[in-house]
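Notes follow once the structure below has been shown.
The values are calculated or read from the model by the stated rules, or taken from the named source; none is laboratory data. Being a predicted model, the structure only gives us computed values, none of them experimental. Neighbour counts are summed over all protein chains in view; Cβ atoms, including those assigned to glycine, are modelled from backbone coordinates with ideal geometry. Note: accessible area is taken over every heavy atom of the protein model, side chains too, but ligands, DNA and RNA are not part of it. Shrake-Rupley method; radii C 1.70, N 1.55, O 1.52, S 1.80 Å.
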Amino acid sequence: MNLLSAKNLSHSFDYELFSDVSLELNRNESIAIIGISGSGKSTLLHLLSTLLKPKSGSVEILGEDILTMKKKRLAMLRRNELGLVFQSHYLFRGFTAYENLEVSEILAQEAIEEELLMRLNIQHCMEQKVTELSGGQQQRVSIARVLTKKPTIIFADEPTGNLDNVTAHEVMELFFEYIQKHQAGMVLVTHDEKLAHMCQRVYRLEDRELVSIK
């Protein structure tokens, strides 16, 4: 089943970033987008994940056109179906790690899984304030918060940027297991080509075009 369909996307700021970009994501599928800094890969992810509106083109998520979607429906889509992981973790700084996860638990009405905490090796720091955690721990809490809400599509922008190589690969394997278990999909943006090639399909954004390389 098709989860995401983007057609003929174009976007620009002071200059054109890319044009006529099309992409599809199906259930149980992972896609990586790589490219040099400034190529527009993060902007493309923001268009696909509803955070930005394209200058032209269309984006459909679960068969619905997000550009014509009413605000209430779009808010529900973001809340229930989409999971966004960024290199900047955006945790609630006054909360403990566990309280951050509880936000997702309450909003999505999904239980926090002990196994998930153990896989991310954060079970021992749940009662600590976010500001007391290392950058890597904060990133793993952020990933746990997203996965706790059980999203249908994961949008990940450099999600392992604060992690060492071993932990980064473990996190990627966790994402892949999640996708298969929950019939979900993932769009990953990264500068790390080794991580990118762990995904089923890989694209490079260059010269304002999205080129398939795997």
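With respect to (1) in contact (Cβ under 8 Å) with a residue 40 or more places away in the chain; (2) under 29 Å from Leu133 (Cβ atoms); (3) not small (Gly, Ala, Ser), the lone exception for Arg93 is condition (1).
Residue pairs whose Cβ atoms lie under 8 Å apart, separated by 6 or more positions or on different chains, with the first residue in region 153-173 and farther than 30 Å from Leu77 by Cβ and the second modelled with pLDDT of 90 or more and open to solvent by less than 10 Å² (accessible area, probe 1.4 Å), are His169/Leu195.
Among the helices (runs of 4 or more DSSP H) confined to region 99-214, the ones with at least 1 residues that are within 30 Å of Lys7 (Cα to Cα) are located at 135-148, 165-182, 193-196. The number of residues in region 166-195 that are more than 20 Å from Ser142 (Cα to Cα) and crowded, with 21+ Cβ neighbours inside 10 Å comes to 0. Restricting attention to region 131-152, the residues that are touching a residue at least 40 places away in the same chain (Cβ under 8 Å), open to solvent by less than 30 Å² (accessible area, probe 1.4 Å) and not hydroxyl-bearing (Ser, Thr, Tyr) total 8.
For Leu77, the test of being closer than 30 Å to Lys129 by Cα, open to solvent by less than 10 Å² (accessible area, probe 1.4 Å) and without any contact (Cβ under 8 Å) to a residue 40 or more places away in the chain is passed. In the set (1) open to solvent by less than 20 Å² (accessible area, probe 1.4 Å); (2) within 15 Å of the chain's Cα centre (by Cα), the condition left unmet by Glu158 is number (1). Residues of region 68-98 that are assigned to a helix (DSSP H, G or I) and either in contact with a His (Cβ under 7 Å, 6 or more places away or on another chain) or of a type in the set (A, V, I, L, M) (or both): Leu74, Ala75, Met76, Leu77, Ala97.
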